1. Give me the count of lysine pairs in the chain whose alpha carbons sit under 24 angstrom apart, restricted to pairs 8 or more positions apart or on different chains.
2. So which chymotrypsin sites (Phe, Trp or Tyr not before Pro) in the range 39-130 pass both tests, a DSSP loop state and at most 14 other Cβ atoms within 10 Å of the Cβ?
3. What's the ranking of 176-183, 205-212 by average number of surrounding C-beta atoms within 10 Å, highest first?
4. Taking Cα centroids, how far is the range 35-87 from the range 164-229 in Å?
5. Between rounded, prolate and oblate, where does the range 206-252 land on the alpha carbon gyration tensor, with a ≥ b ≥ c its root eigenvalues, rounded for a/c under 1.5, else prolate if a/b exceeds b/c?
6. I'd like to compare 1-9, 234-242: which one has the highest average count of other Cβ atoms within 10 Å, and what's the full order after that?
7. Could you tell me what percent of the DSSP beta bridges with both partners in the chain are antiparallel, to the nearest 5?
8. What does the helix-only formula give at 222 nm for the chain: each DSSP H stretch with n ≥ 4 adding -39500 (n - 2.57), the total divided by the residues, and the result rounded to the nearest 500 deg cm²/dmol?
Amino acid sequence: MPMNSAVLTEYGRIEYRSTPVPAADREELLVRVLATGVCGSDLATYRGAHPYKTAPVVLGHELCGVVERAAGGFAVGDLVCAAAYAHCESCERCAQGLTNLCRDKRNLCHLGWEGSFAEYVTLRPHMTFALPPGLDPELGALVEPLSIGLHAIRLAGPARGRTMRVIGSGSIGLACLIAARRLGFTRITCTDVGQEKGERALALGADAYADVLAPAGPSAEADVVVVAAGHPDALDEAVGAVRAGGTVIVVSFFDGPVPLAANALVGREVTVIGSSLSTAADFRTVISWLAAGEIDPRPMVTHRFALADTAEAMSLMAEGKPTTGKIILTPRGDA
């Protein structure tokens, strides 16, 4: 049976094609995709800069869909979202619940496992999460990036009475902002380039926004600084913005080695923590927030495209304009 897919045939080129519906084995779910987000890692693969994902491939891992073939306790018709990886379930890290650190995990869009820029995708039950019936599929597709933001903010420790600065107001930076606001950080300042990014940050709960290209006076140091930008000076910027004895959380990836003012880090006793992906606990918390109406991440989304227009969507994202936030694709253009 054929389906439609947006295939990265070579770096910088996406073709809308008829491809076979993926074959789900006995222990896999076949999910009909309703909405899927475009991630920074999709852009990196599109440009040929991803560390392990390569063309040709169907990209996409931020998804919401409906179960068409059930397995693992799910039922046909269930609304679901998913992690970007399937952990091994047998290593020490998996036993500790640290599935994001599993060394034997398999990733969507890698080694023949095609992603969600398609009408159907296969998933493993243990990477899949049930969503409330009737939830807007666009919100379901945002659960995965929101879970990454929550995971990063949880690593910072207690929120009460502490201030935060988020360097980078793209999708993951905004996901960190949403989590920090929900968990109770006292004052949150976001930074990036462009007024439009500031408007999105303020709409999602930031107390202040600083355009790094605009003239500005001295800013107060923060108890926690989150690095959600991949520019080469981001770590140095973070060490300069955190108070002595404070914490820097690094959730972004970098294209290569970056400078770090190690003497300042040591002299001010700054703690630096890396944050990778998210776990089932993060997914369940985000889903509970959405179910209760405690967060509304829709201001993250600026553009919506039908799956047939994925090439246009990727070209737009590659331009990197401040006006472009989260992009959502819908296989039938009607989510």
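Read-outs: derived from the displayed coordinates by stated rules, not from any lab. What you see is a predicted model, and the numbers here were worked out from it, not measured in a lab. Virtual Cβ from ideal backbone geometry, glycine too; neighbours counted across all protein chains shown.
1. For the chain, the number of qualifying lysine pairs is 4.
2. Details: sites: TYR46, TYR52, PHE74, TYR85, TRP113, PHE117, TYR120, PHE129; in loops: TYR52, PHE74, PHE117.
Those satisfying the criteria are TYR52.
3. Details: 176-183: 24.6, 205-212: 17.6.
Highest-to-lowest ranking by the protection proxy: 176-183, 205-212.
4. If you average the Cα positions of each part, the centres end up 28 Å apart.
5. Numbers: a/c = 1.60, a/b = 1.15, b/c = 1.39.
In terms of gyration-tensor shape, oblate.
6. Values: 1-9: 18.4, 234-242: 20.8.
Going from most to least packed, we get 234-242, 1-9.
7. Of those bridges, close to 55 percent are antiparallel.
8. Details: 9 runs with 88 residues, N = 335.
About -7500 deg cm²/dmol.
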